[in-house]
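Here the structure is laid out as structure tokens; the discussion comes afterwards.
Just so it is clear, none of the values below were taken in a lab; they were calculated from the coordinates. Remember, predicted model here, so these are calculated numbers, not experimental data. Cβ atoms come from the backbone with ideal geometry, glycine included; neighbour counts cover every protein chain shown.
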Amino acid sequence: MKISELKKVKDRRPFQPYVIRMADGREIKVTHPDAISWGDEGGRILSYISPSDDWELIDLALVTSLASVPGAGSKAGGNGA
């Protein structure tokens, strides 16, 4: 996965929730644009903060795909994580 692909879904306006699919089969649902961040364009480590304020560091090389959340539409609009 390239950081530019993640940046496109993160910066989409209005924001639409999405799922990060990992190589180990996990799916991380991102419901707020500020829930994911990274250092620079060349970096490969993402930080994720969940709605319950737990956090996780994610190796971008282990991200297999991104997908929209079915039925989410634009209702999320950045109104919370």
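Restricting to the stretch 22-48, what's the tally of residues that are over 10 Å from D59 (Cα atoms) and outside any loop (DSSP other than H, G, I, E, B)? Going through the stretch 22-48 one residue at a time, the tally reaches 11.
Picking from residues in the stretch 28-61 that are over 10 Å from the mean Cα position of the chain (by Cα) and of a type in the set (F, W, Y), the one that is nearest to L6 (Cα to Cα) is W38.
Pairs are defined by a Cβ separation below 6 Å, a sequence spacing of at least 6 or placement on different chains, a first member in the stretch 12-28 that is in contact (Cβ under 8 Å) with a residue 24 or more places away in the chain and among the aromatic types (F, W, Y), and a second member that is in a loop (DSSP other than H, G, I, E, B) and crowded, with 18+ Cβ neighbours inside 10 Å; the pairs so defined are F15/A76.
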